[in-house]
Amino acid sequence: MSTGLRVDGLRVTVRSGAAERTVVDDVSFAVEAGGALGIVGESGSGKSMTLRAVIGLLPERARVTAGTATAFGATRTLGPRGLRDAGPGHVGMVFQDPLSALDPLTRVGAQVREVCRVAGDGRRSARERATALLEQVGLPDPDDLARRYPHELSGGQRQRVVIALALAARPRILLCDEPTTALDVTVQATILRLLADLRRELGLTVVLVSHDLAVVTSLCASLTVLRHGRVTEAGTVTDLLTAPRHPYTRELSDAARALELEAP
Ligand SMILES: Nc1ncnc2c1ncn2[C@@H]1O[C@H](COP(=O)(O)OP(=O)(O)OP(=O)(O)O)[C@@H](O)[C@H]1O
Ligand SMILES: [Mg+2]
């Protein structure tokens with residue numbers, strides 16, 4: 001199997017006053033083309049910064065100071081624009097907070113059409129593709145929905161729109177940052193199923209970030225564990241959960257098991 005995305009030696013620092021703090025330190029991971037990799041770790045471990053560095057959308061005070069990314073055979077040094085420098089069609093991202101990923105003052109259909117236009121569609125084809133995308137992410141009556149503003153949607157509908165926005169750029173790699181954290185458990189399950197279906201239908205290479213081991217293992221066969229900005233352990237889900245080597249991975253899998261026991 002060929003590699004869909006490979007990241008080597010990624011380092012991200014954040015400026016605070018005169019000091020520079022390393023928040024992602026020598027992080028490497030790889031996912032085969034069409035595969036799904038989960039990145040787990042506690043809050044603040046550097047999960048979002050890692051994905052943002054790859055897509056080239058780091059917050060203002062953060063920057064990449066080392067690292068390369070290989071996407072479908074071509075290797076690049078990661079700079080401020082991340083893989084966006086590789087040209088369109090490489091990488092899309094579903095952000096942690098669906099409300100902040102959407103423009104509150106623009107109807108959702110117009111937002112999806114806009115991304116289609118940027119991806120090279122003419123006006124008419126952008127309109128058709130926006131409707132098709134809203135349908136593809138499981139929104140019934142996409143024409144009615146397209147006319148609504150983000151605040152007029154439920155949390156689950158909003159996250160589906162955010163996924164449609166990410167797909168509008170025709171990415172081959174989809175980065176998902178806690179795509180279900182803001183949702184209640186039943187809606188969470190339907191969004192995870194949607195991501196699994198889309199991955200299969202479109203042959204997407206997926207990197208899924210979560211602090212929740214159960215979410216990640218529902219979609220991913222391999223895992224990378226981050227702690228304090230570094231990779232502490234990596235391998236298949238089965239290996240990591242049956243024989244965790246690092247105490248932190250053991251804690252994570254114990255916590256996941258304890259939650260399972262609590263579930264009704
Ligand atoms: N916008 C920002 N400006 C400055 N520092 C930030 C910013 N966002 C995050 N950080 C810092 O970078 C480090 C890594 O944060 P990151 O957001 O990647 O963590 P995370 O693993 O995604 O956590 P969570 O599970 O809470 O989303 C943390 O120490 C955090 O304080
Ligand atoms: Mg995060």
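What strands (runs of 3 or more DSSP E) completely inside region 1-92 contain at least 3 residues that are closer than 30 Å to residue 121 by Cα and within 9 Å of ligand 1 (Cβ to nearest atom)?
Strands (runs of 3 or more DSSP E) meeting the threshold: none at all.
Please work out which one of (1) in contact with a strand residue (DSSP E or B) (Cβ under 9 Å, 6 or more places away or on another chain); (2) away from ligand 2 (no atom under 16 Å from the Cβ); (3) at pLDDT below 95; (4) open to solvent by 30 Å² or more (accessible area, probe 1.4 Å) is the condition residue 21 fails and give its number.
Here residue 21 clears every test but (3).
Of the residues 41, 34, only one is surrounded by fewer than 17 Cβ atoms within 10 Å (Cβ to Cβ) and either more than 16 Å from ligand 2 (Cβ to nearest atom) or under 15 Å from the mean Cα position of the chain (by Cα) (or both); which?
Checking each option against the conditions leaves just 34.
Select from region 133-147 the residues that are under 17 Å from residue 115 (Cα atoms) and not in a helix (DSSP H, G or I) and write down the one among them that is most open to solvent (accessible area, probe 1.4 Å).
My answer is 147.
Tell me the residue from 109, 120, 46, 38 that is at pLDDT 95 or above and not assigned by the TED database to the domain that holds residue 236, please.
Step by step, each of 109, 120, 46, 38 is checked, and only 109 is at pLDDT 95 or above and not assigned by the TED database to the domain that holds residue 236.
Which one of these does residue 154 not meet: (1) of a type in the set (S, T, N, Q); (2) buried (at least 19 other Cβ atoms within 10 Å of the Cβ); (3) outside the structural domain of residue 55 (by the TED database)?
(2)
The values are calculated or read from the model by the stated rules, or taken from the named source; none is laboratory data. Keep in mind that this is a model prediction, so the values were computed, not measured. Glycine also receives a Cβ, built like all others from the backbone with ideal geometry; neighbour counts cover every protein chain displayed. Keep in mind that these areas ignore ligands, DNA and RNA; they rest on the heavy atoms of the full protein, side chains included. Shrake-Rupley method; radii C 1.70, N 1.55, O 1.52, S 1.80 Å.
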